[in-house]
Structures are given as structure tokens and as C-alpha cells.
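In what follows, a single structure is set out as C-alpha cells and then discussed.
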Amino acid sequence: MAAADLIIGCDPIVSAGKETVLRMREGSTHVALNSHSTPTAAFVKDRNWQNPAEACAADIAKTVGAQGLSAFDADAVSVKMLGDSIYTNPMMLGYAWQKGWIPLQRASLLRAIELNEVQVDNNKAAFEWGRRAAHDAASVMSLLAPAQVIEFKPRETLDSIVQRRVEFLTGYQDAAYAKAYEDFVRRVQQAEAGAAAGKTALSEAVARNLFKLMSYKDEYEVARLHTDAAFLKRITDLFEGDYKVHYHLAPPLLAKRNAKGELVKSKYGPVMLTAFKLMAKLKGLRGTALDIFGRTEERRTERALIGEYRATVEELLKSLGAANHAQALAIANLPDGIRGFGHVKERNLKAVRLQWDALMAAWRDPSAPVVSSAASKAA
């Protein structure tokens, strides 16, 4: 009663859920598990979130016994062999069938795939790859290993950090906007060289965090990214036939709000791409009197943060030295905690502001108590 002979688990977190585990019986339930786990919503809310896939698999093994659980990374095999993780499901079906846990003929399952008339050849191939993984997992996983020696990427230099971001900001706004960014970073570099010879950590922190603040993702940037030729090509390469692309957006000027006053996303059809193409061309209006999108509180806050961060760094440089270099680095890294969009970003900003005020108070008055923060720990 209310028990399962077979559970095909395409995600460890879901498979280890209470309702599913209640259906498991040691000695009678078999679990075919995809060991790859998709991040949950907690990933968005908790910057230190860790994937509990291994713990979930251990819980399942404890419930059904070691002999009742068999797992492999179906996502990795699916992407490597078929180019898309969408084929994970039929691959897991083939895996469970090869284990002898599905009392149906192979021909019947393949015929069902044919009758479905969707990516028939790829779904059949996924089924067979699943069978092979069940029969000889080592040989399948060996195919995922790189075919050639990988060259280790050298540590990024300040110049490489700046160069890549200058290129992005030029596309984001224009060359003048990118130059203002580079000039400021170079000023920090010069000051750091004089105050703490041989160190570049502060300059690198400013290069990364100032860029983050200057490249805030507003309506113009969303439009630019969605109309990028490389992105559109990826879409056409992934799908075929008669398909439509829909966009889930929460425009501050149009979106409804929930009971908490937070913006709620709505679904927009393919015609949105036409609007995106027009908006992408209007990025020059960003921050000007004609920028209708820039009048919201969120956009005004984002623009103000750029100036506030620059002013903070300017203050640090006036008294920067070897003794307080680490303290300055902790302050320079504060924007890293301002993550997310909309109300999520607003919540994170409030937390960062508390650290910002406390650390600046300590900077201005060295006799003040040292405040522990995520930023200072990271530094």
C-alpha cells in the first residue's frame, strides 16, 4: 500500500523529498537516480548556498539500502553526447530498464518514443546511452573526460581585468563611459602602488566592484542582451520547428505588485523582441532627462551608488597605507554583497549599507571597535 517498486529520480533533492521517501521500502524499492542536482530557489536568496545532492543521495541509500540505489550524472552525459540536458529523462528510463527494473520490452518503450513524434532519434539515442551507463558506467563517464591536455589559465592581472570590462562597458553604454571607469581604476592603482608597494588587491577589488555598479542591468541592458546576435543564434541552434519565445519580466513602470509591494513578473510574447530591438538602440538616453526608465527609485539608487562608491574610494585613498590596506580592501569589496534584482537587491543593499557605515566609521576613527562583516572576512 502506497509503496513504489521503482523511482526514477531525475533530481536528488526532489527524490529525497518527504512524499517520495515515504514510498520507499528497503528490499523492494529500487531508485534510479540522476546524481546532478539543479539549484533550488535558496540559491538566489543565500549567497553561501551549497548543493545538498550528495546528502540527498545518502538519505535515499539509507532508506532503500545500498543495493536499492543506483546513480550516475545523466545531465553531464546528456549534454556531452546529445548537446542538451533535456534528454536526461529518456536517458534515466534506459538506465532503469537496463537494470531490469522496468517490466516492459525494449521494443515497446522505443515504439512509445516514436509515437510521441518529438525528437525521436535523439530520445532513442538517450535511452541507449542510459542503458550503456547502467551496463558499464566507467566507459561512459570516461567519455566525459577532456580529449586533450587542458592548459591552466594564468591568474588574471589588473590589466586583463580592466581590459575585459572596458570592452563590456563600451557596448553597455559608450567609449566615454568605459574610459571614465578605466581612468578611476588607474588612479587607484597609482595610489596603491605608492601606499603599499607590490600590492594590487585594492585596485583589482575596485576594478571588479566599480564595474558591477556601473553595469547595473536596467531595461536598456536587458534589451541589448536579448537582441545580441550570439544569444539569438544559441536559441535557433537549440530549437527547431514551430516554436515561440516568451519573456517573463517585471518592468517597474508596468508590473503589478504583490501584497508585500514587490514587483511580480508577467509573461510577454515574441513581439517583445521587436520592443527590445528598439530599446537597445536608445541606451544613449540612460541617465539623461529623457530616460523614462531611469526615474524609478531602483534606477536612481543604482546610479547614486556609483557616485557613492567612487566617493568612498576617494576617501580611502587620502589616508591609505600599508597598515590599513586590508581595512580598505574590505570596504572596497562591499558591493559584492549587493546581489539580485528588484526587492531581492533592495534587501541585500540594506544589509550592505549597515556594514558600509560601520566600516567607514571605523576607518575615520581607528579607535572605534572593529566590526565583523562578510566583506571583511572575504578580504
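Tell me the relative contact order for the chain as a rounded percent, counting alpha carbon contacts under 8 Å between residues six or more apart. All intermediate terms of the calculation are to be shown ahead of the outcome.
Working: 430 pairs, mean separation 40.2, N = 379.
With pairs under 8 Å counted, the relative contact order is 11 percent.
Which whole-number percent is the relative contact order of region 290-367 (Cα, under 8 Å, 6+ apart)?
21 percent
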Handout entry: Global form of the chain, assessed from the alpha-carbon gyration tensor, a/c cut-off 1.5
Key = prolate
Exercise for the section: Mind pulling the angle between the C-alpha long axis of helix 53-64 and the longest principal axis of the chain? Nearest 10 degrees, somewhere in 0 to 90. Expected result: 30 degrees
Fill in the blank from the handout: With the charge dipole of the chain built from beta-carbon charges (+1 for Lys and Arg, -1 for Asp and Glu) about the Cα centre, the Cα from Leu104, Ile292, Trp129 projecting farthest to the positive end belongs to Ile292
Fill in the blank from the handout: So for region 194-338, using the alpha carbon gyration tensor with a ≥ b ≥ c as root eigenvalues (a/c under 1.5 gives rounded; past that, a/b versus b/c decides prolate or oblate), I'd call it prolate
Completion exercise
Counting only protein heavy atoms with a 1.4 Å probe and every protein chain in place, the carbon and sulfur fraction of the accessible surface of the chain in whole percent equals 56 percent
Exercise for the section: Quick one: dipole size for the chain, taken about the Cα centre, charges +1 on Lys/Arg Cβ and -1 on Asp/Glu Cβ, in debye to the nearest 20. Expected result: 780 debye
Handout entry: Nearest-ten-degree value, helix 120-135 long axis tilted from longest Cα axis of the chain
Key = 80 degrees
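Would you work out if region 135-252 is rounded, prolate or oblate? Take a ≥ b ≥ c from the square roots of the eigenvalues of the alpha-carbon gyration tensor; rounded if a/c is under 1.5, else prolate when a/b is larger than b/c, oblate otherwise.
On the way: a/c = 3.13, a/b = 1.31, b/c = 2.38.
In terms of gyration-tensor shape, oblate.
Please compute the contact order of region 93-204 in relative form: average sequence separation of alpha-carbon pairs under 8 Å and at least six residues apart, divided by the residue count, as a percent. Write out the running numbers ahead of the final one.
Working: 69 pairs, mean separation 21.9, N = 112.
Contact order relative to length: 20 percent.
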Problem - For Val31, distant residues with modelled amide H under 5 Å away - result: Ile7, Leu69, Ser70
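Take the Cβ-Cβ distance between Ala180 and Glu262 as r, set R0 to 30 Å, and report the resulting FRET efficiency rounded to the nearest 0.05. Before the final figure, lay out the partial values.
Details: r = 33 Å, r/R0 = 1.11.
Rounded to the nearest 0.05, the efficiency is 0.35.
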Practice task
Excluding residues fewer than 8 places away in the same chain, name every one of the aspartates and glutamates whose C-alpha is closer than 15 Å to that of Lys99.
Solution key: Asp5, Glu128, Asp136
Practice task
For a label point 7 Å from the Cα of Arg23 along Cα→C-beta, name the residues of region 99-135 whose backbone N is under 15 Å from it.
Solution key: 102
Completion exercise
Mean accessible area per residue over the chain (1.4 angstrom probe, all protein chains present, square angstrom) is 58 Å²
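Rounded to the nearest 500 deg cm²/dmol, what is the calculated helix-only ellipticity per residue at 222 nm for the chain, with -39500 (n - 2.57) per DSSP H run of length n ≥ 4? Each step should come with its number before you reach the end.
Values: 19 runs with 213 residues, N = 379.
Mean residue ellipticity at 222 nm (helix-derived): -17000 deg cm²/dmol.
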Problem - Cα-derived Rg over Rh, computed across region 200-246 with Rh taken as Kirkwood radius - result: 1.24
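The values are calculated or read from the model by the stated rules, or taken from the named source; none is laboratory data. Since the model is a prediction, treat every value here as computed from it, not as a measurement. We place every Cβ from the backbone using ideal geometry, glycine too, and count neighbours over all the protein chains shown. Remember, those area values only see protein heavy atoms, side chains included, never the ligands or the DNA or RNA. Shrake-Rupley method; radii C 1.70, N 1.55, O 1.52, S 1.80 Å.
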